[in-house]
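The next block holds one structure in the form of structure tokens; read it before the comments.
The values are calculated or read from the model by the stated rules, or taken from the named source; none is laboratory data. It should be emphasised that the depicted structure is a prediction, and the values quoted were computed from it without experimental measurement. Note that each Cβ is placed from the backbone with ideal geometry, even for glycine, and that neighbours are counted across all protein chains shown. Remember, those area values only see protein heavy atoms, side chains included, never the ligands or the DNA or RNA. Shrake-Rupley method; radii C 1.70, N 1.55, O 1.52, S 1.80 Å.
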Amino acid sequence: MSDCNFHARFGWFWYNDEEIFHDSQADIDRKVARHAEQGITHLITFGCTHFRWSFQPFWPVINECIGKIVSAGHRYGVKIIEHHSSNLGFFPDTPENLTKFTGEMELRHSNPDHWPGLLEFITSPDTELEQWVQISGRTGKPVVTYGGHGRCFNHPDFRAAYLEYLESIYRLGVDGIMTDDVQYFREDSCACPHCRRLFRERSGFELPTPEKWDAWFGNMLDESFTSWLRFRFDSIRDFHRLVKEHYEGLGRKLLRPNYTSVALCPNLTAYIIDDLPALDWIFQECCFSTIIRYTWPLYLLDQQHRRMMEKKRGIPSMMMFYAERKDQLIFTWGLARLCGALYTNTPEGESKMDERALREFEKKYGFCLFRCGSIPMVGFVDSLDNRRFGASYEASRMKFWLQSCIFKNIPVELVDIKCPETWKNIPVLCVNEVHVLSEREISDLLEYARSGGVLVVTGDSGCQDERLRLRMPEETAALWKISGESAPSEILEFPFGKGKIVRPGWSFGYPGTEEEKRHLFLELQTRFSVLSPKEIFPLRKDIPELWLQRSYGRPARKSMPNNTLYYEGEDAREEVAAFLTRLAGKKSPFKAENLPEGVLAVPLLASGGDALAIQLLNAAGTLKHGKEETMSHADPIPFPPLEGPDAVFSVRLPETLRNKKTLSVCFTAPDTPEQPLKSHGDGSVLHVEFPLHRLKTCGMVLIKK
Ligand SMILES: [Zn+2]
């Protein structure tokens, strides 16, 4: 991967009725030029025809518009990436679904009346496209999603038709494509005849009929069920592969950004991102339908996964937001800074935000904003197999611990179990409820402890082997080479080589009731149904639900609850942070003192090693809220003035900055020129004094030679 991908700056080009039916080439030129002036180098298209299959009769006129966008882009040196749903379509079969469709169109400044024949097309039950849809295993009927249907990736006619459509897009000269929504839209799809046949051929198992579905579904220890889960992931990957091999076969090289909103969660739709066959940028859709001010912690936390992928695949990670106002723009850009991620913003349907100051800052300081290294105190072990096939994958405890670190300014990192070289030097490594672990992986973890690391193992980690067989408790204990309960009632510490293994108590570090914990981590252990929020949430009375509809100017409305956004368990958070800090001891690479609650600090190393930046964000007060009925997307980011004694950052310097007589230390932000800061140190650890009032929104302390 060339370095230039880190220099890409992404924007979004919306094309709706105006652009498709009215705009001349000169109009489109003007709109694209505005993005170029903002410093944007790559534009991803987006619009009211996102569910492209509903608009099949209009593909020629849509393509004509894409052609204009490509011409304009190339005139201004901007790459164009066409983005649409690869398989979804609105084919409303009820009046409610029809209303939903027209509502979606209106949201995007579109009107079905502008599209002659569209309603007749999408309400005709006989269209061939509707013969290719995903089928529910439970009902035997098409799966409804977003008020429409998605087509099945194993249907040969759909595959052929989609490739043919893509060819028509390629001929327009696009620089890249983003094929969205390659996933199954329910946990029981797809059970169409093609999937049934392929599953039988590949696994030797038979998918049950709808009458027998419920009795079969969900047993994570039944090989036929887990084979089916695998089959779904494989089908999705194969479809991506098909697309890639097809354009390569045509002699084309295409740019391939792709995204997900949350990866550290049960994956019911078999959406893949980790093992995409083609991926040049990995990004996260943050706060799409939620209020930025109240829900950012979930996305900041999950971005750790994208950051892990950045390192693993050597590609940039990016965060995408839908910020509509200046306060949201600077806040969300500041969130991306904490993660060393590229930033992209698109107020839905509007592109009038001025990003120039941010893009100028990125140009000036890109060397320490992107492609940076971390200096983690704590690593959290991630395993793709466990996320996909663990009998009770439920990352709540890990997420709470991760979030505790983030709020307490402890540098953290998510690490891949399969890449020990990336985590062998982290002072503390946590294996939180990673159930699926091979003998080799457990042995790598033990080697880490033997060489001096502090290995924290919680719950029943390692209770399943890589073939998903459940290990007996004695067998698991023998592999870990320590005796004692897997979930002791108090914290146990075992010296191990030059390091140690720590087993925290069952209840440690999760802010729920005992009953709830048992429910999450024990009773539903061997049921896929642990993934159903319906079963978990009735138990969650103590944790407020902060998942609120962003709602496009309409009053805020309570939507899907989610227990992983932000936990109010301040005491438990404090306890976890103190526990991990104690375990790291003298090896702790970074300390932030006197920072007010909600002010976040993350140290990041410039890729060349010549500089270190402490990224700062004033998120204080963002999570304070009034009554739920009055919470809305219009609530401003508070950015309160910060008061109190100077903060002190103590940072262990990397080799490249050690023992330098003169290090320059300053504070700077997009609206603040460099201001020198006082510092002192012994050549290996530097202490920087930081007057709090300097931080208004976000900014960074820059330490360089
Ligand atoms: Zn199918």
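Counted over the chain with a bin width of 20 Å, the fraction of Cα pairs per bin, in whole percents, is 17, 50, 30, 3.
Within the range 272-374, none of the chymotrypsin sites (Phe, Trp or Tyr not before Pro) combine a DSSP coil assignment with at most 11 other C-beta atoms in a 10 angstrom radius. Taking every DSSP beta bridge that has both ends in the range 9-103, the antiparallel portion is near 0%. The phi-based Karplus calculation (6.51 cos²θ - 1.76 cosθ + 1.60; θ = phi - 60°) puts the 3J(HN,Hα) values of the range 698-705 at 9, x, 8, 8, 10, 10, 8, 5 Hz, whole numbers, x for Gly and Pro. Calculated accessible area for the chain comes out at 39 Å² per residue, all protein chains present (probe 1.4 Å; ligands, DNA, RNA ignored). Relative contact order of the chain: 11 percent, from C-alpha pairs under 8 Å at least 6 residues apart in sequence.
Taking every alpha-carbon pair under 8 Å whose residues sit at least 6 apart, the range 51-170 reaches a relative contact order of 27 percent. Under 20 Å of direct C-alpha separation, and excluding same-chain neighbours fewer than eight residues apart, Lys212 reaches these aspartates and glutamates: Glu187, Asp188, Asp222, Glu223. Tell me which of Leu595, Ala620, Ser664 sits at the most positive position along the dipole axis of the range 588-704, charges placed on C-beta atoms (Lys, Arg +1; Asp, Glu -1). Of the listed residues, the answer is Ser664. Beta bridges from DSSP with both residues in the chain: antiparallel share about 55 percent, rounded to the nearest 5. The stretch between Leu119 and Gln131 holds 2.5 nm of extra length on full extension. This uses 0.36 nm per residue minus the Cα-Cα distance.
Applying the Karplus relation 6.51 cos²θ - 1.76 cosθ + 1.60 with θ = phi - 60° to the range 159-173 yields 3J(HN,Hα) values of 4, 5, 5, 5, 4, 5, 5, 4, 4, 5, 6, 4, 5, 7, x Hz, where x marks Gly and Pro. For the chain, the 222 nm mean residue ellipticity estimated from helices alone, with every DSSP H stretch of n ≥ 4 adding -39500 (n - 2.57) and the total spread over all residues, rounds to -9500 deg cm²/dmol. Using Cα pairs under 8 angstrom and six or more residues apart, how large is the relative contact order of the range 206-322, in percent? It comes to 23 percent, rounded to a whole number. Near Gly462, the amide H atoms lying under 5 Å from its own belong to Val434, His435, Val436, Leu437; only residues 5 or more places off or on other chains count, and H is placed 1.01 Å from N. Ranking Ser317, Ser679, Ser489 from most to least accessible surface, computed with a 1.4 Å probe over the protein chains only, gives Ser489, Ser679, Ser317. Of Lys363, Lys705, the order by accessible heavy-atom surface (1.4 Å probe, DNA, RNA and ligands excluded), from most exposed downward, is Lys363, Lys705.
With 21 Å as the limit, the listed pairs Lys660/Lys704; Lys408/Lys591; Lys68/Lys244; Lys311/Lys591; Lys79/Lys363; Lys678/Lys705 have Lys68/Lys244; Lys311/Lys591 beyond it between alpha carbons. 3J(HN,Hα) couplings calculated from phi for the range 52-69 with the Karplus curve 6.51 cos²θ - 1.76 cosθ + 1.60 (θ = phi - 60°) are, in sequence order, 4, 5, 5, 10, 3, x, 9, 3, x, 6, 5, 4, 4, 5, 4, x, 5, 5 Hz; Gly and Pro show x. What a 1.4 Å probe finds exposed on the range 335-375 is 53% carbon and sulfur by accessible area, rounded to a whole percent.
Between Met377 and Val412, the built amide H atoms are under 5 Å apart, and every one of these is 5 or more places off in sequence or on another chain. By accessible area, using a 1.4 Å probe on protein heavy atoms only, the range 618-687 has 55% of its surface on carbon and sulfur. Where Lys and Arg each count +1 and Asp and Glu each count -1, what net charge lies around Ala619 among other residues with Cβ under 14 Å from its Cβ? That works out to +2. Projecting the Cα atoms of Gly173, Gly147, Phe51 onto the dipole axis of the chain, where Lys and Arg carry +1 and Asp and Glu carry -1 at the beta carbon, places Gly173 farthest toward the positive end. Measure off, as a whole percent, the carbon and sulfur share of the 1.4 Å-probe accessible area of the range 1-93, all protein chains present. Whole-percent figure for carbon plus sulfur exposure: 53.
Amide H to amide H, with H built 1.01 Å from N, Trp12 comes under 5 Å of Ile44, counting only residues 5 or more places away or on other chains. Of the residues Val381, Val262, ranked by 1.4 Å probe accessible area with the largest first, the sequence reads Val262, Val381.
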